[in-house]
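Visitor: One structure follows; several queries about it will come next.
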Amino acid sequence: MNAIDIHHAVRHDDRPFIVGIGGTTRPGSSTESALRAALNHAEELGARTQLFGGEALSTLDVFSPERRERSPAQRAIVDAVRRADAVIFASPGYHGGVSGLVKNAIDLLEDLRADDRVYLDGMPVGCIVTAAGWQGCNTTLGALRSIVHALRGWPTPLGVTLNTAGVKLFDAQGQCLDAQVGASLKLLAEQVVNPAGVFVQRNKKSELQL
């Protein structure tokens, strides 16, 4: 079975598979804590999840489209997204845009261009942005949504923006300290998992009819 066929094989697990990509080089960052919280909510809703946080992203080689070779860490991200039913991206807002660390990981999804499901075609995609100020939050969320559109994904109606200026939103264990933030991340997870679950059942039905 080649890589392109993996997503279309008959599934043995009906739970939607959600991949989270995001974080910073700082352990316990607000960005990664928010992403973990969203994935935890997704699991509570019955999904399977896989996180590629700041530590994993910081070990990636710089994406080079002219090179066909990929490191094991690069292949792990591409293969996970290839099997995914939905994705959640989380980025800090650096100078009004998506961080280089997160963008480098997203650029690897160019390897999905020849798949039967090209890039993120038809997938629900959640977007989370943290920044020290609302301007950075808003411009980065717009940039991240544009990237999702370019990859043929469907950004969820809710995009979560977290203004971290002078505010501690997560404790050392990654628990959310703000009820409104927690509710927003939960709603984001619902908007990712619910349509992903519908797609899983639809695809399973189509596969069984083959």
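Visitor: Would you mind counting up the charge near S30? Only other residues with Cβ under 14 Å from its Cβ, with Lys and Arg at +1 and Asp and Glu at -1. Let's see the in-between values first.
Guide: Numbers: positive: R26, R36, K168; negative: E32, D171, D178.
Neighbour charge sum, excluding S30 itself: 0.
Visitor: So, one more: Quick check on the chain: helices-only [θ] at 222 nm, where DSSP H runs of length 4 and up contribute -39,500 (n - 2.57) each and the sum goes over total residues. Nearest 500, please. Before the final figure, lay out the partial values.
Guide: Details: 6 runs with 87 residues, N = 210.
Dividing the helical sum by the residues of the chain leaves -13500 deg cm²/dmol.
Visitor: Could you list which residues have their amide H under 5 Å from that of T164, counting only those 5 or more apart in sequence or on another chain, with H placed in the peptide plane?
Guide: For T164, whose amide H was placed from the backbone, the distant partners under 5 Å are A131, A132, G133.
Visitor: To continue, here is another question. Starting from the Cα of R48, step 7 Å along the direction of its Cβ; do the same at A76; then give the gap between the two resulting points in nm.
Guide: If labels sit at R48 and A76, their model points lie 1.7 nm apart.
Visitor: OK, next. Mind putting a number on the dipole of the chain about its Cα centre? Charges go on the C-beta only, +1 for Lys and Arg and -1 for Asp and Glu, and I need it in Debye to the nearest 20.
Guide: Working: 21 positive and 22 negative charges, 37 e Å.
Using Cβ point charges on Lys, Arg, Asp and Glu, the chain gives about 180 debye.
Visitor: With point charges of +1 on the Cβ of Lys and Arg and -1 on the Cβ of Asp and Glu, referenced to the Cα centre of the chain, which listed residue (G22, L141, L51) lies farthest in the positive direction of the dipole?
Guide: In the chain, that residue is L141.
Visitor: Using Cα pairs closer than 8 Å and at least 6 residues apart in sequence, work out the relative contact order for the chain, in percent. Don't skip to the answer; put the middle values down first.
Guide: Values: 396 pairs, mean separation 54.3, N = 210.
Contact order relative to length: 26 percent.
Visitor: Figure the gain on full extension for Q180 and D61 (residue separation times 0.36 nm, minus the Cα-Cα span) and round it to one decimal in nm.
Guide: Values: separation 119, 0.36 × 119 = 42.84 nm, distance 3.68 nm.
The Q180-D61 span can extend by a further 39.2 nm.
Visitor: Explain nothing, just compute: Karplus ³J(HN,Hα) = 6.51 cos²θ - 1.76 cosθ + 1.60, θ = phi - 60°, for every residue of region 160-167 in order, whole Hz, x for Gly and Pro.
Guide: Per residue, the Karplus-derived 3J(HN,Hα) values read 8, 10, 10, 7, 9, 5, x, 10 Hz.
Visitor: What list of ³J(HN,Hα) couplings, whole Hz, do you get for region 143-157 from phi and the Karplus terms 6.51, -1.76, 1.60, once you set θ to phi - 60° and write x for glycine and proline?
Guide: 5, 5, 5, 5, 5, 4, 4, 4, 8, 6, x, 10, x, 5, x
Visitor: Also, quick follow-up: Quick check: pseudo-label points 7 Å beyond the Cα along Cα→Cβ at E110 and Q135, how many nm apart are they?
Guide: Those two pseudo-labels are separated by 3.2 nm.
Visitor: For region 52-63, what does the Karplus curve 6.51 cos²θ - 1.76 cosθ + 1.60, with θ = phi - 60°, yield as ³J(HN,Hα) per residue in whole Hz, taken in order and with x for Gly and Pro?
Guide: So the Karplus estimates, Gly and Pro as x, are 10, x, x, 4, 5, 5, 6, 8, 6, 5, 5, 4 Hz.
Visitor: Oh, and also: Given charges of +1 on the Cβ of Lys and Arg and -1 on the Cβ of Asp and Glu, with all other atoms neutral, how large is the dipole of region 55-166 about its Cα centre, in debye to the nearest 20? Don't skip to the end; give the middle numbers.
Guide: Values: 11 positive and 12 negative charges, 27 e Å.
Computed charge dipole of region 55-166: roughly 140 debye.
Visitor: Right, next: Among S184, G93, L108, whose Cα projects farthest towards the positive end of the dipole of the chain, with charges put on the beta-carbon of Lys, Arg (+1) and Asp, Glu (-1)?
Guide: Result: S184, furthest along the dipole toward the positive end.
Visitor: Another one. Tell me, what does the Kirkwood hydrodynamic radius of region 40-112 come to in angstroms if you use every pair of distinct C-alpha atoms?
Guide: Details: mean 1/r = 0.0746 Å⁻¹.
One over the average 1/r among Cα pairs gives 13.4 Å for region 40-112.
Visitor: Would you please give the FRET efficiency between R152 and E69, computed as 1/(1 + (r/R0)^6) with r the Cβ-Cβ distance and R0 = 22 Å, to the nearest 0.05? Please report the intermediate quantities before stating the final value.
Guide: Details: r = 26 Å, r/R0 = 1.17.
Efficiency at R0 = 22 Å is approximately 0.30.
Here, each number is a calculation from the coordinates, and none is a lab measurement. Just so it is clear, the model here is predicted, and its values are computed rather than measured. Virtual Cβ from ideal backbone geometry, glycine too; neighbours counted across all protein chains shown.
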